[in-house]
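J.: Pasting in a structure now, in C-alpha cells, and then I'll have a few things to ask.
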C-alpha cells in the first residue's frame, strides 16, 4: 500500500479507549481527540488509528454499541474531505467487522500491514499477541476470534452481551494496571524484540505499534526505528511522519 504525501504528513495514534472508565471521562477524552483530528486535518495525507479505539466494540448483525456519535461524525466529515483513514482493531475492539468500511469507507485491519511512503517501508499494527510471551492472552485471542465463539456471542441480546463484555474489558484494564504495564521493560520489551526478530528477515524503516500504553522510540538493527504510540487516557501522544522524519508529540490542545 503506497501513500503519496504531496507535502503533507501521515498521522498515527492509538489506544483512545473510548467508553472507559465511564461515560463522563470518556466524553471529555472524545472531545480532546476531535480537537486533535481538527488540528491535523489540513496537513494530513492520511490518518491511521492503530487499535483500541474503543474500550469495547462488537458488531451484531443490525446493532452496534451506542455512543461515540461525535467521534464517528468527525471521522465521517474527514472522509468526506477526501482524507484517507485506516483503522486497526486492538485487543479491546478485536470484534470490529465491516461497519466502518461499509458506512464510511474506512478499512479495518486485524493484523499488521506494510505501507510504503516516499520510498520508506513502514510496518504498522496494534501489537497485541506479537512477540514472545503472553501465551494466555494469545490463547484467549484465538478463542475470542473464533467464528463459532463470535456466532454464539451474537445469540445473546445486545443489552446482555455488551454488559458482560464491558465488565470483562474493565477487568482487563484493571489487571493491566496491577501489572504496571506502563513501565519500560528494557531488553524484555516484547514488541521491540518482535521488531528486531522481524528486521533480521525483512527490512522496514519504521515499526509503529500501540498497545503498550508507553510512548517509545527505540533503535532496531541500526537502520530502523520502533515507535510505540502511547495512549490517550493520560498521555495524548501521537506520531507524525513527513517522509523523512518521524516524531512523537503530545497534543496540548
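J.: Looking at segment 94-106, which of the residues that are in contact with a helix residue (DSSP H, G or I) (Cβ under 6 Å, 6 or more places away or on another chain) and under 18 Å from residue 54 (Cα atoms) is modelled with the lowest pLDDT? Let's see the steps before the verdict.
T.: From segment 94-106, those in contact with a helix residue (DSSP H, G or I) (Cβ under 6 Å, 6 or more places away or on another chain) are 104-106; that's our starting set.
Filter once more, keeping what is under 18 Å from residue 54 (Cα atoms): 104, 106.
Numbers: 104: 92, 106: 95.
Filtering first and then ranking leaves 104.
J.: Of all residues in segment 200-216, count the ones that are over 19 Å from the mean Cα position of the chain (by Cα) and closer than 9 Å to residue 229 by Cβ.
T.: Number satisfying all stated conditions: 0.
J.: Checking the conditions here, which among 100, 56, 71 is within 13 Å of the chain's Cα centre (by Cα) and touching a residue at least 12 places away in the same chain (Cβ under 8 Å)?
T.: 56
J.: Those residues that are under 23 Å from residue 118 (Cβ atoms) and touching a strand residue (DSSP E or B) at 6+ places or on another chain (Cβ under 7 Å), I need them from segment 38-65; list them, please.
T.: Matches in segment 38-65: 40, 43, 44, 45, 46, 47, 48, 49, 50.
J.: State which residue is nearest to residue 32 (Cα to Cα) when the search covers only segment 219-253 and only residues that are crowded, with 16+ Cβ neighbours inside 10 Å and over 19 Å from the mean Cα position of the chain (by Cα).
T.: Per the criteria, the residue is 242.
J.: Just checking, how many residues over segment 94-133 are more than 25 Å from residue 72 (Cα to Cα) and either out of contact with any strand residue (DSSP E or B) (no Cβ under 6 Å at 6 or more places or on another chain) or surrounded by fewer than 18 Cβ atoms within 10 Å (Cβ to Cβ) (or both)? Before the answer, list the steps.
T.: Pass one, segment 94-133, residues more than 25 Å from residue 72 (Cα to Cα): 114, 116-123, 129-133.
This time we only want the ones that are either out of contact with any strand residue (DSSP E or B) (no Cβ under 6 Å at 6 or more places or on another chain) or surrounded by fewer than 18 Cβ atoms within 10 Å (Cβ to Cβ) (or both), so: 114, 116-121, 129-133.
Of the residues in that region, 12 qualify.
J.: Going through segment 42-70 one residue at a time, which ones are surrounded by 22 or more Cβ atoms within 10 Å (Cβ to Cβ) and at pLDDT 90 or above?
T.: Matches in segment 42-70: 47, 48, 49, 50, 51, 52, 53, 54.
J.: Quick check on residue 30: is it farther than 30 Å from residue 147 by Cα and touching a helix residue (DSSP H, G or I) at 6+ places or on another chain (Cβ under 9 Å)? Talk me through it step by step, then tell me what you get.
T.: Values: farther than 30 Å from residue 147 by Cα: yes; touching a helix residue (DSSP H, G or I) at 6+ places or on another chain (Cβ under 9 Å): yes.
Against the criterion (farther than 30 Å from residue 147 by Cα and touching a helix residue (DSSP H, G or I) at 6+ places or on another chain (Cβ under 9 Å)), residue 30 qualifies.
J.: In segment 75-88, which residues are in contact with a helix residue (DSSP H, G or I) (Cβ under 8 Å, 6 or more places away or on another chain) and within 24 Å of residue 117 (Cβ to Cβ)? Walk me through it before giving the result.
T.: Just the residues of segment 75-88 that are in contact with a helix residue (DSSP H, G or I) (Cβ under 8 Å, 6 or more places away or on another chain), to begin with: 75-76, 78-79, 81, 83, 85, 87.
75, 78, 79, 81, 83, 85, 87, listed by residue number.
The values are calculated or read from the model by the stated rules, or taken from the named source; none is laboratory data. It should be emphasised that the depicted structure is a prediction, and the values quoted were computed from it without experimental measurement. Positions of Cβ are backbone-derived with ideal geometry, glycine not excepted, and every protein chain shown enters the neighbour counts.
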